[in-house]
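Below is one structure, written out as structure tokens; comments come after it.
The values are calculated or read from the model by the stated rules, or taken from the named source; none is laboratory data. From a predicted model like this one, the values you see are computed outputs, not experimental measurements. Cβ atoms come from the backbone with ideal geometry, glycine included; neighbour counts cover every protein chain shown.
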């Protein structure tokens, strides 16, 4: 059995660790509230934006619009959103597991895949995979993002998808892999089609949009706002990922703090047992010595 001094030193180490994890839990909780508020504030707008794109697709001939051009997918770009830091539970591993599945499916189907990574965790992961075409990597993204922070990525994928300026498109589809924020204890990794636009049948317009009038015409509205509404899809995915990351980190740090508390209790019990055993041993030696003298 370890000595009381060794156990006492270990208790001190665990207490220090618990202080750190508790502080990280509180910081993540604060960040999660801000990220959650930003996510929920824009979610309804994003859903409506997808529905408007779908409605415009139904009302107009979108076959010649560069962002609606549906082609056979032989090449596609995956935008993968992870975090820069670890200690977020299964947040990053779940995204990377989904990425691995998508890459395998593309390879089996003969689809050429290119990657854009957001977050150091994704960049480090794909760096270990052979024959992966990473066209861009982004890290140290702002904690309070605006859509302008994503313009470089959006310009890259839209330029790769467009074929309306006389140049040949270099990709047939763009998908984003991110973590959808359901609640502080539930987040779900998902893959969403970004381009071509309005190809997700789950975004059927509600009755209000069905009855909406588009002025001066649906085609003019489409040409004016299609780019902006596509931009919103990636921005919302990034906001959802941020809220999910902070929620996962908060829960992971809470679990670590709780485990540290249980370990401290177990070590304290072990130290008391060791101390009691030492006292009993000393009493036995004193008693034995007294009997030997008498």
Legend entry - Sole exception among (1) out of contact with any helix residue (DSSP H, G or I) (no Cβ under 6 Å at 6 or more places or on another chain); (2) over 24 Å from residue 152 (Cα atoms); (3) at pLDDT below 85; (4) surrounded by fewer than 17 Cβ atoms within 10 Å (Cβ to Cβ) for residue 47, by number: (2)
Inset, instruction - Quick one: which residue in 35, 29, 49, 41 is free of Cβ contacts under 8 Å to residues at least 12 places away in the same chain and part of a helix (DSSP H, G or I)? - result: 41
Inset, instruction - Tell me which residues, restricted to the range 1-44, are out of contact with any helix residue (DSSP H, G or I) (no Cβ under 8 Å at 6 or more places or on another chain) and surrounded by 20 or more Cβ atoms within 10 Å (Cβ to Cβ). - result: none
Inset, instruction - Consider residue 55 carefully, then state whether it is more than 20 Å from the chain's Cα centre (by Cα), closer than 17 Å to residue 192 by Cα and either buried (at least 20 other Cβ atoms within 10 Å of the Cβ) or modelled with pLDDT of 90 or more (or both). - result: no
Legend entry - residue 103 touching a residue at least 40 places away in the same chain (Cβ under 8 Å) and assigned to a helix (DSSP H, G or I): no
Inset, instruction - Pick out the one residue from 239, 229 that is assigned to a helix (DSSP H, G or I), over 24 Å from residue 20 (Cα atoms), out of contact with any strand residue (DSSP E or B) (no Cβ under 7 Å at 6 or more places or on another chain) and modelled with pLDDT of 90 or more. - result: 239
Legend entry - Selection count, the range 106-130, where residues are over 19 Å from the mean Cα position of the chain (by Cα), closer than 17 Å to residue 73 by Cβ and not in a helix (DSSP H, G or I): 5
Inset, instruction - Kindly indicate whether any position in the range 64-78 is under 16 Å from the mean Cα position of the chain (by Cα) and closer than 16 Å to residue 238 by Cα. - result: yes
